[in-house]
Amino acid sequence: MSIFNILFNGTNSPNLKLLLNNESFKNFISEAEDISIGYSEIRIFRIKNIQKEQKTHRKTQNEGWKNNWIIIGIDYLDDLLFVDCENQNLPVYISEHENRKWKMNLIANSIENFRKILSELKKLSIKRENPNLIDKNPISETEFEMFFSKIKKENEGIDTEYWQLFLEKDI
(Lines give C-alpha, C1' and ligand atoms only; values in the text may rest on other atoms or scores of the structure.)
Protein backbone atom coordinates (compact mmCIF):
# COMPACT_ATOMS: atom_id res chain seq x y z
CA MET A 1 0.00 0.00 0.00
CA SER A 2 1.41 3.41 -0.97
CA ILE A 3 2.01 6.16 1.55
CA PHE A 4 -0.70 8.11 -0.32
CA ASN A 5 -3.36 5.44 0.34
CA ILE A 6 -2.41 5.33 3.99
CA LEU A 7 -2.49 9.14 4.35
CA PHE A 8 -5.84 9.66 2.67
CA ASN A 9 -7.63 6.44 3.58
CA GLY A 10 -10.54 7.26 1.28
CA THR A 11 -10.87 10.95 2.23
CA ASN A 12 -9.98 14.21 0.46
CA SER A 13 -7.83 15.54 3.33
CA PRO A 14 -4.50 13.99 4.27
CA ASN A 15 -3.84 12.69 7.76
CA LEU A 16 -0.55 14.52 8.22
CA LYS A 17 0.08 12.80 11.54
CA LEU A 18 0.71 9.65 9.52
CA LEU A 19 3.11 11.49 7.21
CA LEU A 20 5.00 12.68 10.28
CA ASN A 21 5.59 9.01 11.10
CA ASN A 22 7.75 8.82 7.98
CA GLU A 23 11.22 9.25 9.48
CA SER A 24 12.69 11.16 6.51
CA PHE A 25 9.76 13.58 6.39
CA LYS A 26 9.70 14.06 10.14
CA ASN A 27 13.45 14.78 10.27
CA PHE A 28 13.22 17.18 7.35
CA ILE A 29 10.26 19.17 8.64
CA SER A 30 11.76 19.31 12.14
CA GLU A 31 15.22 20.47 11.07
CA ALA A 32 14.77 22.45 7.84
CA GLU A 33 15.62 26.13 7.94
CA ASP A 34 14.44 28.90 5.68
CA ILE A 35 17.02 29.99 3.10
CA SER A 36 17.61 33.49 1.77
CA ILE A 37 20.23 34.33 -0.87
CA GLY A 38 20.09 37.74 -2.52
CA TYR A 39 16.52 38.19 -3.72
CA SER A 40 15.72 34.46 -3.53
CA GLU A 41 14.10 32.73 -0.60
CA ILE A 42 12.64 29.37 0.38
CA ARG A 43 10.38 29.21 3.41
CA ILE A 44 9.68 25.76 4.88
CA PHE A 45 6.49 25.32 6.87
CA ARG A 46 6.87 24.30 10.49
CA ILE A 47 5.27 21.15 11.91
CA LYS A 48 2.77 23.14 13.96
CA ASN A 49 1.61 25.05 10.85
CA ILE A 50 1.74 22.42 8.13
CA GLN A 51 -1.92 21.35 8.44
CA LYS A 52 -3.08 24.99 8.36
CA GLU A 53 -0.87 25.70 5.33
CA GLN A 54 -2.44 22.77 3.46
CA LYS A 55 -5.88 24.25 3.99
CA THR A 56 -4.74 27.78 3.14
CA HIS A 57 -2.95 26.89 -0.09
CA ARG A 58 -5.25 24.11 -1.27
CA LYS A 59 -8.16 26.61 -1.28
CA THR A 60 -6.44 28.53 -4.08
CA GLN A 61 -5.59 25.51 -6.24
CA ASN A 62 -6.95 25.27 -9.75
CA GLU A 63 -7.24 22.44 -12.23
CA GLY A 64 -4.50 19.85 -12.07
CA TRP A 65 -3.68 19.94 -8.34
CA LYS A 66 -3.53 16.41 -6.92
CA ASN A 67 -4.45 15.22 -3.44
CA ASN A 68 -1.18 13.28 -3.13
CA TRP A 69 0.82 16.54 -3.28
CA ILE A 70 1.60 17.73 0.25
CA ILE A 71 2.76 21.34 0.47
CA ILE A 72 5.93 21.78 2.54
CA GLY A 73 6.94 25.35 1.72
CA ILE A 74 6.91 28.33 -0.60
CA ASP A 75 9.56 30.17 -2.57
CA TYR A 76 10.28 33.81 -3.39
CA LEU A 77 7.85 33.75 -6.34
CA ASP A 78 5.05 32.32 -4.15
CA ASP A 79 5.38 29.00 -5.96
CA LEU A 80 4.57 26.03 -3.76
CA LEU A 81 7.12 23.39 -2.78
CA PHE A 82 5.51 20.01 -2.28
CA VAL A 83 6.23 16.31 -1.93
CA ASP A 84 4.49 13.60 -3.87
CA CYS A 85 3.40 11.17 -1.18
CA GLU A 86 2.60 8.44 -3.72
CA ASN A 87 6.36 7.88 -3.94
CA GLN A 88 8.05 6.40 -0.84
CA ASN A 89 11.11 8.67 -1.35
CA LEU A 90 8.90 11.76 -1.22
CA PRO A 91 10.36 13.57 -4.24
CA VAL A 92 10.16 17.37 -4.00
CA TYR A 93 8.59 19.51 -6.70
CA ILE A 94 8.05 23.19 -7.31
CA SER A 95 4.70 24.22 -8.72
CA GLU A 96 4.40 26.77 -11.45
CA HIS A 97 0.98 28.02 -12.35
CA GLU A 98 0.44 28.73 -16.01
CA ASN A 99 -2.93 29.49 -17.55
CA ARG A 100 -4.76 28.41 -14.36
CA LYS A 101 -3.10 24.97 -14.51
CA TRP A 102 -0.35 23.56 -12.29
CA LYS A 103 2.91 22.42 -13.77
CA MET A 104 5.19 20.43 -11.50
CA ASN A 105 8.97 20.50 -11.82
CA LEU A 106 11.12 18.00 -9.97
CA ILE A 107 13.75 19.83 -7.87
CA ALA A 108 14.95 16.93 -5.67
CA ASN A 109 14.56 13.16 -6.09
CA SER A 110 13.75 12.69 -2.41
CA ILE A 111 13.06 14.72 0.69
CA GLU A 112 16.46 13.62 1.97
CA ASN A 113 18.18 15.00 -1.13
CA PHE A 114 16.16 18.22 -0.76
CA ARG A 115 17.50 18.52 2.79
CA LYS A 116 21.03 18.17 1.38
CA ILE A 117 20.36 20.84 -1.26
CA LEU A 118 19.08 23.24 1.40
CA SER A 119 22.16 22.50 3.49
CA GLU A 120 24.42 23.41 0.55
CA LEU A 121 22.35 26.56 -0.09
CA LYS A 122 22.68 27.50 3.58
CA LYS A 123 26.47 27.41 3.21
CA LEU A 124 26.26 29.55 0.06
CA SER A 125 23.97 32.03 1.82
CA ILE A 126 26.52 33.08 4.45
CA LYS A 127 27.13 36.81 4.01
CA ARG A 128 24.72 36.74 1.02
CA GLU A 129 21.36 36.77 2.76
CA ASN A 130 20.02 39.86 1.01
CA PRO A 131 20.58 41.82 -2.23
CA ASN A 132 23.10 44.23 -0.70
CA LEU A 133 25.23 41.44 0.76
CA ILE A 134 25.24 39.29 -2.38
CA ASP A 135 26.28 42.35 -4.43
CA LYS A 136 29.30 42.71 -2.14
CA ASN A 137 30.03 38.97 -2.07
CA PRO A 138 28.70 37.31 -5.26
CA ILE A 139 28.69 33.55 -5.71
CA SER A 140 31.83 32.60 -7.62
CA GLU A 141 31.79 30.32 -10.66
CA THR A 142 33.68 27.72 -8.63
CA GLU A 143 31.08 27.78 -5.83
CA PHE A 144 28.29 27.62 -8.39
CA GLU A 145 29.87 24.65 -10.20
CA MET A 146 30.54 22.81 -6.93
CA PHE A 147 26.92 23.29 -5.85
CA PHE A 148 25.60 21.94 -9.15
CA SER A 149 28.04 19.07 -9.21
CA LYS A 150 26.76 17.90 -5.81
CA ILE A 151 23.06 18.21 -6.55
CA LYS A 152 23.23 16.68 -10.05
CA LYS A 153 25.14 13.67 -8.73
CA GLU A 154 22.32 12.62 -6.40
CA ASN A 155 19.33 14.05 -8.29
CA GLU A 156 19.33 12.78 -11.84
CA GLY A 157 16.61 14.34 -13.96
CA ILE A 158 15.82 17.32 -11.75
CA ASP A 159 14.95 20.80 -12.99
CA THR A 160 18.36 22.48 -12.70
CA GLU A 161 16.97 25.62 -14.30
CA TYR A 162 15.03 26.29 -11.10
CA TRP A 163 18.21 26.20 -9.01
CA GLN A 164 20.07 28.38 -11.53
CA LEU A 165 17.32 30.99 -11.31
CA PHE A 166 17.26 30.67 -7.53
CA LEU A 167 20.97 31.51 -7.47
CA GLU A 168 20.36 34.28 -10.00
CA LYS A 169 22.69 32.79 -12.61
CA ASP A 170 22.09 33.24 -16.31
CA ILE A 171 21.03 30.06 -18.02
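The values are calculated or read from the model by the stated rules, or taken from the named source; none is laboratory data. Source: prediction; values computed, not measured. When we count neighbours, we look across all protein chains shown, and the Cβ atoms used for this are built from the backbone with ideal geometry, even at glycine.
Do you know which residues across segment 77-113 are within 15 Å of Glu161 (Cβ to Cβ) and modelled with pLDDT of 90 or more?
Within segment 77-113, Tyr93, Ile94, Asn105, Leu106, Ile107, Ala108 qualify.
Could you tell me whether any residue of segment 49-58 is in a loop (DSSP other than H, G, I, E, B) and either at pLDDT below 70 or surrounded by 14 or more Cβ atoms within 10 Å (Cβ to Cβ) (or both)?
no
Please go through segment 123-158 and pick out each residue that is charged (D, E, K, R), surrounded by 13 or more Cβ atoms within 10 Å (Cβ to Cβ) and within 18 Å of Glu41 (Cβ to Cβ). Walk me through how you get there before you give the answer.
Going through segment 123-158, the residues charged (D, E, K, R) turn out to be 123, 127-129, 135-136, 141, 143, 145, 150, 152-154, 156.
Of the ones still in play, those that are also surrounded by 13 or more Cβ atoms within 10 Å (Cβ to Cβ) are 128-129, 143, 150, 152, 154.
Selection gives Arg128, Glu129.
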